1. Name the lysines eligible as straight-distance cross-link partners of K178: C-alpha to C-alpha under 21 Å, and not fewer than 8 places from it in the same chain.
2. Figure the gain on full extension for D83 and A129 (residue separation times 0.36 nm, minus the Cα-Cα span) and round it to one decimal in nm.
3. Round to the nearest 0.05 the FRET efficiency obtained for Y30 and K154 when R0 = 25 Å and r is the Cβ-Cβ distance.
4. Helix-only estimate, please: 222 nm mean residue ellipticity of the chain, summing -39500 (n - 2.57) across DSSP H runs of length 4 or more and dividing by its residues, to the nearest 500.
5. What shape does the chain take by its C-alpha gyration tensor, where a ≥ b ≥ c are the square roots of the eigenvalues and a/c under 1.5 counts as rounded, a/b above b/c as prolate, and the rest as oblate?
Amino acid sequence: MSASAALDRLAAEVHHDVQARIGEGRVADYIPALARIDPRQFGLALHTCSGETAAVGACRQGFSIQSVSKVFTLTLALGRVGDALWQRVGREPSGSPFNSIVQLEREQGIPRNPLINAGALVVTDAILAGRAPQVAVAEILAYLRELSDDMHIKVDREVAQSEADTGFRNASLANFIKSFGNLVHPVEHVLETYFNQCALRMNCVQLARAGLFLAHGGVDPLTSHRVVDAQAARRINAIMMTCGHYDASGDFAFRVGLPGKSGVGGAILAIAPRQAAVAVWSPGLNAAGNSLVGSLALESLSRRTGWSVF
Ligand code: GLN
């Protein structure tokens, strides 16, 4: 069997493994524009470092990438400010839900890590670099288009607006961080940029392609373009592994054993170092706000391939 036929078969087997569970979980209803999405959908795409691809199910159906965007803004911010970022945000798992505020007071406005909402707001502040939100959003969008090699990616303005209308918790987090002096820009600018980055609409094929540099030491293996240095790529993977699923990060490491980042739109980007980047999407979430069927699919994939980093 050719490598690509074997990969197609793997994707089909994973799909089959989760088929009976598709529709389980609850869609994120705290963002009204996401509450309407049918949970009975599933897509998977993978890109290997040697250039093979496979995809199944609703792999070309667009979705809101939500917190998966935090991986890309972290990459951008590290490229821009380097290690200075770690003065403003930590790199320890929080053991708390994605939108928790409790640790911020005790830790003087320094968020635990860049993948919880509080930390992502600080990262977004670093990206703004004195510019208007629209300029930063355009930069993030151009970055994702370049990484995924697809100019069709857009920001879903309806989702961004829906989140802005109801984003009281994120507004609280941003104001609280600002009170400690850990946001440089106006709170409204940080929130506008953050809501738009979360509202990026992508599909599994695009998302897996965009994450491929993380499986290949920071270099896009298909174009040889260096996105970040090798050390930064290793560190981003480490943070995804320890923090990418919030207070369920330990469980994800236990079940899947790969660096991963989830979003409340139902997507998960997982990285199999030196092998492949995988994107799954299924909108029903588990209690920690991570795709229920997406996690099961990645568990099946790592079992079938042995791609776990452990
Ligand atoms: N935009 C969402 C929020 O800030 C992202 C959360 C997530 O995907 N976990 O609430």
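1. Excluding near neighbours in sequence, the set is K70.
2. Length difference between fully extended and current span is 15.0 nm.
3. 0.60
4. -14000 deg cm²/dmol
5. Prolate is the answer for the chain, as a/c is 1.5 or above and a/b outweighs b/c.
Here, each number is a calculation from the coordinates, and none is a lab measurement. The shown structure was predicted, so the numbers you read here are calculated from the model rather than taken from an experiment. Neighbour counts are summed over all protein chains in view; Cβ atoms, including those assigned to glycine, are modelled from backbone coordinates with ideal geometry.
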